[in-house]
Every structure is written in C-alpha cells, then in structure tokens.
Amino acid sequence: SASKCAAPAMLYDAIRFYTNEHPEVLTELLTQRDVVTRIDHEKVVRNVATARTMPLFEGYLESIQERNLKDVNCALNTLYIEGEDFEALRESLEKYDAIGEPGDLARDLEKHEVLEFRRIASWLYQKIGRFPYAIEICKKDKLYKEAMIVANESGNVELIEDLCRWFVDQDLPECFAACLYTCYQYFKP
C-alpha cells in the first residue's frame, strides 16, 4: 500500500500515479491517517489542481480545510464557484481567511450571473474595506437594504450622503427614509 511508503518522495510518486491512472481512489489514499500526517497538502493540491479531475478531490479538500491553507481554500472555493454552490462558498469564506487576495475573488464574483455570488462579492469588498465597490454591486442588484448596511458600516459621511442622493435620484423615497434611519448618526441636523 502506498500509505506504508517510508520515503515521502515515493508517496508523492504514488499520488502522481493515482492522479493520472486511478483518480477515483486518490481521495481514499489521501485521507488515510498515515498519509495525512506525512504530506504537504499544498504541494498535493498544486499537483492535483492541474488535473482535469479536480472535482473528484472535493472530499479530500474538505477534510483538510480546517488547516486553513491558502491553496486548499482557493481550490475548494473554485470548485464551489464552478458548481454554483454559493452557500458552501460563503461558509468557506467566513471560516477560512487564507484565500490570497480577496479583492481578486470579489472582482471575479461580481461578474457572476448568479445573484448570490454577486452578493458574496459585495460582502468581500465590505470585509476588506472597499465600501464604494460593495455599494455599487448592491445598487446594481437592487439590494438596497444591504447597501444601507454597508454605508453605515463604512462610517463615511460622504458615501452615506451619496447613497441617499442616489435614492432620491432613483425616486425611491422609502429607501431614502430607510437610509436616513439606518445611518442617522452620520447626518448633520
């Protein structure tokens, strides 16, 4: 069995072999206790990520995600996006912060055709302090309540006033009133 290999190099050779010849059983190999403790998971992900069979390794990736490794998180997030599983993506992003540049991911998600992915893009922009980008996504998708929450969290008076003016220009008096109420502490009398 490959899990009994003494030399790590032989173990990586076995992983490469299974990736190319029998990818359906690779997850079983990678999740064995003897193997999990002896391999560099990011190295494995970099090698497997080039294979067209990446979706077969989702179980393995999820089993080691608790280690919060950038390559693992990025690979899983990519699988979630490709599979249009926005709930799993949001959960992954909330729990694990090693994802590289969140602005790049947000930029990709804001162009996604599914609304929930654009909502996640707005949340990511908000999380990294790019409030104007988050508000623009909310306005485009008519997520007005979220736009108000983002504006309030920003604490930027100019940004809040711009949002209120935008509500007036769009003839949305209820949203204007709600924005005044939500961000009341930032308005001058």
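Descriptive notes on the structure:
- Failed criterion for Pro55 (all others in (1) under 14 Å from the mean Cα position of the chain (by Cα); (2) exposed (fewer than 15 other Cβ atoms within 10 Å of the Cβ); (3) in a helix (DSSP H, G or I) hold): (1)
- Among all positions in the range 72-83, there is no residue which is outside any helix (DSSP H, G or I), of a type in the set (A, V, I, L, M, F, W, C), within 21 Å of His41 (Cβ to Cβ) and open to solvent by 20 Å² or more (accessible area, probe 1.4 Å).
- Flag for Lys95 being surrounded by fewer than 19 Cβ atoms within 10 Å (Cβ to Cβ), within 30 Å of Asp162 (Cα to Cα) and basic (Lys, Arg): no
- Taking the criterion of being over 30 Å from Val45 (Cα atoms) and of a type in the set (Phe, Trp, Tyr), the residues of the range 99-158 that qualify are Phe131, Tyr133, Tyr144.
- Every condition in (1) part of a loop (DSSP other than H, G, I, E, B); (2) more than 16 Å from the chain's Cα centre (by Cα) is met by His112 except one, and the failing one is (2).
- Candidate set: the range 62-71, residues that are surrounded by 16 or more Cβ atoms within 10 Å (Cβ to Cβ) and touching a His at 6+ places or on another chain (Cβ under 9 Å); chosen: the one farthest from Pro23 (Cα to Cα): Leu69
- Residue within the range 98-105 that is charged (D, E, K, R) and modelled with pLDDT of 90 or more present: no
Table: residues versus (1) touching a residue at least 24 places away in the same chain (Cβ under 8 Å); (2) more than 30 Å from Val72 (Cα to Cα); (3) hydroxyl-bearing (Ser, Thr, Tyr).
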site: Leu93; (1), (2), (3): yes, no, no
site: Pro102; (1), (2), (3): yes, no, no
site: Arg107; (1), (2), (3): no, no, no
site: Glu113; (1), (2), (3): no, no, no
site: Leu124; (1), (2), (3): yes, no, no
site: Lys127; (1), (2), (3): yes, no, no
site: Phe131; (1), (2), (3): yes, no, no
site: Leu163; (1), (2), (3): yes, yes, no
site: Asp171; (1), (2), (3): no, yes, no
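- A residue that is farther than 30 Å from Glu161 by Cβ and part of a helix (DSSP H, G or I) cannot be found anywhere in the range 124-141.
- Set side by side, the residues Glu161, Glu153, Glu62, Glu146 differ, and just one is over 10 Å from the mean Cα position of the chain (by Cα) and farther than 29 Å from Tyr186 by Cβ, which is Glu62.
- Options Glu113, Glu174; residue that is at pLDDT 95 or above, open to solvent by 40 Å² or more (accessible area, probe 1.4 Å) and not aliphatic (A, V, I, L, M): Glu174
The values are calculated or read from the model by the stated rules, or taken from the named source; none is laboratory data. Being a predicted model, the structure only gives us computed values, none of them experimental. Backbone-built Cβ (ideal geometry, glycine too); neighbour counts: all protein chains shown. Ligands, DNA and RNA are excluded from the accessible area calculation, which covers all protein heavy atoms including side chains. Shrake-Rupley method; radii C 1.70, N 1.55, O 1.52, S 1.80 Å.
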